[in-house]
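Each remark here refers to the structure printed beneath this line.
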Amino acid sequence: MSAARASGAPVSGAPVSGAGKAGRWRLRAAQLRAFAARYAGRADGMLGLVVLVFFGILALAPELFVGPLETATRASAHAFDAPSAQHLLGADDLGRDILNRTVHGARISMTIGLMATVITLVFGVVLGLVAGYSGGLVDNLLMRIADFFLVLPTFVLALILAPVLIEVVGADAEVMGIRATLLVIIVVIGITSWAATARIIRSQTLSLKERMFVDRARVVGVGPGRIILRHILPNVMNLIVANAVLTFASAVLTETTLSFIGLGDPFQPSWGQILNGAQDSGAAGLGAWWVIAPPAVSVVLVILAFTLMGNALDDLLNPKSRVRR
Amino acid sequence: MSARYLGQRLLQAIVTIAAIVLLNFLLFRLMPGSPERILLRNPNLSQQVVEATRARWGLDKPLIPDQLVSYIGSTLEGDLGYSFKFRGQPVTSVIADRVGPTLLLVGLGELISVFVGIAIGAYAGWRRGGVVDRVGSGVSLVLYSMPYFVIGMPLIVIFAAGLGWFPTSGMTSVGGGDRPFPDNIIDLARHLALPLATVSLGLIGQYSILMRSAIIETRSEDYITTARAKGLRDGRVLRAHAFPNAMLPMVTLIAINLGYVIGGAITAEIVFSWPGLGTLTVTALQSRDYPVLQGIFLLVAVSVVLANLAADIIYGLLDPRVRR
């Protein structure tokens, strides 16, 4: 427990006496090493990490493992071919190799999950810091809005928001090689899930701003923007990291569900989109389990891995969460 | 429970519902293309006709306040407009037809999973590290990571396509609903079995994880030590002291969860072609039937707000600290 306390102590603002810039970096490196050692002691966290690395490698270079993405015109098998030596995981209704599509799906699912997480965190952290630090009317207003989004069935909101936004942007627009449909999914997940992050960051900011080192900075004449950036943000970093991992899990879950319902992009198939194809072709009723199992198992493994890692990180980094699991 | 507490919660619920209605109003106007362009597709219409139609629909008036006021007025009257897809049918009647099946599925699913999930979670938390805890927590975490359709599709592969025990889709067989009394219920139950299993399994994981941590938290409270010190039996400490207190957070969680349950039920319904709000949502999505989509959102959002209000009131009645 004493080790956990040490990592919760202020990183900035409480300067290590006599240590220059190099000293501070050495201190941080040592802290990081100590943290890595404690993380390595968590079996569940390490299991999650292994799964993540596996899918991460697949996502980085899918072509390397299975060649280019198979489409309706580039299909290499026959409709609903069962698994064989040539097609290890069989083929779907259009004769597309399932292994090929599942590996490519890793890249798309995880990219969307990552980008949605970034948007969620940027919104949540900025609004949480501002609300917590400024207090008063701003805080009240922002938190009422956050409460509204927390109460709202965000998934159902995402369902009506996504098609409206696609209509506004136009389905053929493209940014950085990502098509509009997927961008909309990313933004919709961000809009509907920032509130929880904002609440967590705000409550931590509230207690941090009463601490001595923030008072000291204020007395010396440091402006609010700089205090937030240099003194408060580094101290909520722990929370942000733990929260990011859990947010990623729910972002992948939401993306999979939205794609499954038919809001995905058939030209950039995520795991949810592949399952949508399986549903539309009636694969389950035909007993073609091989069309369903690979993308489904992948989704569950990735969400499970991130949940395990997030819980481990939360226990190690969040001073408020006592041992719950 | 004080009148003040009740009043605060009521006000909060009313403000939230008002915000939902406002959001619903603005969202529809966000879309490109004015309504008259979509609804009056004939390019040969004279300017006069267009003007007249605009006036008749009130589109010549400013968005706020005139259009907003009339929107709120008709929403309060239960007039949600007309469906694009099901031509001529008002949105309220399109939705009303589908509420029953969803309520049946979600209601029964909640009931089963609340009982089973809480029982497993409470026992696992009480005997922490035991067999039930290890197996139960592992399975719960896996179930918790599964979207409903990922639970449902394998169930079809195994129990419908493979073993043939249950039908793959729908709510009744052809003519099944018209058979004499016991047969129509049996037919319904056979169709209900797999979707219900899907929803229940999805929820059991969640509830058992939550209940487990709630029990573990209460276990370290002083009153538990006191109860043990009095010499009460282990089972009685759990039932009379730990369990009721751990149930407090569960009441709120179950209510807050309702929105997610309905969201999840949508995908479960799709997998089994269950004729509820979920399949209606997908039909509406595919045909971009915005009035119906908005109606579903309004219905779900308002039910969630009301469920939250109910949870706050129940919580107020149960927890003496809030009663003041």
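The values are calculated or read from the model by the stated rules, or taken from the named source; none is laboratory data. Because the structure is predicted, anything quoted here is derived from the model rather than measured. Counting neighbours? That spans all protein chains shown, and the Cβs are built from the backbone with ideal geometry, glycine included. Ligands, DNA and RNA are excluded from the accessible area calculation, which covers all protein heavy atoms including side chains. Shrake-Rupley method; radii C 1.70, N 1.55, O 1.52, S 1.80 Å.
When B:Ala96 is tested against (1) small (Gly, Ala, Ser); (2) open to solvent by less than 40 Å² (accessible area, probe 1.4 Å); (3) part of a helix (DSSP H, G or I), just one condition goes unmet, and that condition is (2).
Every condition in (1) closer than 23 Å to A:Arg96 by Cβ; (2) of a type in the set (A, V, I, L, M); (3) over 22 Å from the mean Cα position of the chain (by Cα); (4) more than 14 Å from every other protein chain (Cβ to nearest Cβ) holds for A:Ile178 except the one numbered (3). Taking the criterion of being under 30 Å from B:Gly7 (Cβ atoms) and touching a residue at least 60 places away in the same chain (Cβ under 8 Å), the residues of the range B:296-312 that qualify are B:Phe297, B:Leu298, B:Leu299, B:Ala301, B:Val302, B:Val305, B:Leu306, B:Asn308, B:Leu309, B:Ala311, B:Asp312. Report whether or not B:Ala284 is in contact (Cβ under 8 Å) with a residue 40 or more places away in the chain, touching a Pro at 6+ places or on another chain (Cβ under 6 Å), within 14 Å of another protein chain (Cβ to nearest Cβ) and over 24 Å from B:Gly7 (Cβ atoms). Considered against the rule, which asks whether it is in contact (Cβ under 8 Å) with a residue 40 or more places away in the chain, touching a Pro at 6+ places or on another chain (Cβ under 6 Å), within 14 Å of another protein chain (Cβ to nearest Cβ) and over 24 Å from B:Gly7 (Cβ atoms), B:Ala284 comes out as no.
Conditions (1) part of a helix (DSSP H, G or I); (2) open to solvent by 50 Å² or more (accessible area, probe 1.4 Å); (3) among the charged types (D, E, K, R); (4) farther than 30 Å from A:Ala283 by Cβ, marked per residue:
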position: B:Ile204; (1), (2), (3), (4): yes, no, no, no
position: B:Ile224; (1), (2), (3), (4): yes, no, no, yes
position: B:Gly231; (1), (2), (3), (4): no, yes, no, yes
position: B:Pro249; (1), (2), (3), (4): yes, yes, no, yes
position: B:Ile256; (1), (2), (3), (4): yes, yes, no, yes
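Inspect all residues belonging to the range B:104-126 and state whether any of them is open to solvent by less than 40 Å² (accessible area, probe 1.4 Å) and among the aromatic types (Phe, Trp, Tyr). The answer is yes; a qualifying residue exists.
Quick one: is A:Ile112 assigned to a helix (DSSP H, G or I), over 25 Å from A:Phe306 (Cβ atoms), in contact with a Ser or Thr (Cβ under 8 Å, 6 or more places away or on another chain) and among the aliphatic types (A, V, I, L, M)? Answer is no for this residue. Residue check: is A:Asn243 over 20 Å from the mean Cα position of the chain (by Cα), in a helix (DSSP H, G or I) and either surrounded by fewer than 20 Cβ atoms within 10 Å (Cβ to Cβ) or away from every other protein chain (no Cβ under 13 Å) (or both)? Taking the combined requirement at face value, the residue does not satisfy it.
Please indicate, with yes or no, whether at least one residue in the range B:297-307 is touching a Gly at 6+ places or on another chain (Cβ under 9 Å) and open to solvent by 30 Å² or more (accessible area, probe 1.4 Å). Within the range B:297-307, one or more residues are touching a Gly at 6+ places or on another chain (Cβ under 9 Å) and open to solvent by 30 Å² or more (accessible area, probe 1.4 Å). The set of residues in the range B:138-148 being more than 8 Å from chain A (Cβ to nearest Cβ) and small (Gly, Ala, Ser) consists of B:Gly138, B:Ser140.
Taken over the range A:255-282, residues that are surrounded by fewer than 24 Cβ atoms within 10 Å (Cβ to Cβ) and more than 8 Å from chain B (Cβ to nearest Cβ) amount to 8. Checked against the criterion of being within 27 Å of A:Pro163 (Cβ to Cβ), modelled with pLDDT of 70 or more, surrounded by fewer than 13 Cβ atoms within 10 Å (Cβ to Cβ) and not assigned by TED's automatic domain parsing to the domain that holds B:Val302, the range B:34-44 has no qualifying residue. The condition of being away from chain B (no Cβ under 14 Å) and either assigned to a loop (DSSP other than H, G, I, E, B) or open to solvent by 20 Å² or more (accessible area, probe 1.4 Å) (or both) does not hold for A:Ile145. For the range B:210-251, which residues satisfy the criterion of being among the basic types (Lys, Arg) and more than 20 Å from B:Arg134 (Cα to Cα)? Those that are among the basic types (Lys, Arg) and more than 20 Å from B:Arg134 (Cα to Cα): B:Arg228, B:Lys230, B:Arg233, B:Arg236, B:Arg239.
Screening B:Asp187 against (1) at pLDDT 80 or above; (2) away from chain A (no Cβ under 14 Å) leaves a single unmet condition, (1).
Can you confirm whether the range B:309-319 contains a residue that is under 30 Å from B:Ala18 (Cβ atoms), touching a Leu at 6+ places or on another chain (Cβ under 8 Å) and within 11 Å of another protein chain (Cβ to nearest Cβ)? Yes, because at least one residue in the range B:309-319 is under 30 Å from B:Ala18 (Cβ atoms), touching a Leu at 6+ places or on another chain (Cβ under 8 Å) and within 11 Å of another protein chain (Cβ to nearest Cβ).
Filtered by the rule that a residue be open to solvent by 50 Å² or more (accessible area, probe 1.4 Å) and of a type in the set (D, E, K, R), the range B:206-222 gives B:Glu217, B:Arg219, B:Glu221, B:Asp222.
When B:Ser169, B:Ser83 are checked against the criterion of being touching a residue at least 40 places away in the same chain (Cβ under 8 Å), open to solvent by 40 Å² or more (accessible area, probe 1.4 Å) and of a type in the set (Ser, Thr, Tyr), B:Ser169 stands alone in meeting it. Here the range A:76-128 is the region considered, the condition is being basic (Lys, Arg) and open to solvent by 20 Å² or more (accessible area, probe 1.4 Å), and the residue that is modelled with the highest pLDDT is A:Arg107.
One residue stands out among those in the range B:149-177 that are under 30 Å from A:Ala43 (Cβ atoms) and at the interface with chain A (Cβ under 8 Å from one of its Cβ atoms): the one that is modelled with the lowest pLDDT, which is B:Pro154. One residue alone among A:Leu263, A:Leu304 is out of contact with any Cys (no Cβ under 9 Å at 6 or more places or on another chain) and under 26 Å from B:Leu293 (Cα atoms), and that residue is A:Leu263. Across the range B:208-223, the qualifying residues are those that are over 13 Å from B:Pro244 (Cα atoms) and of a type in the set (Ser, Thr, Tyr), and the one among them that is nearest to the other protein chains (Cβ to nearest Cβ) is B:Ser213.
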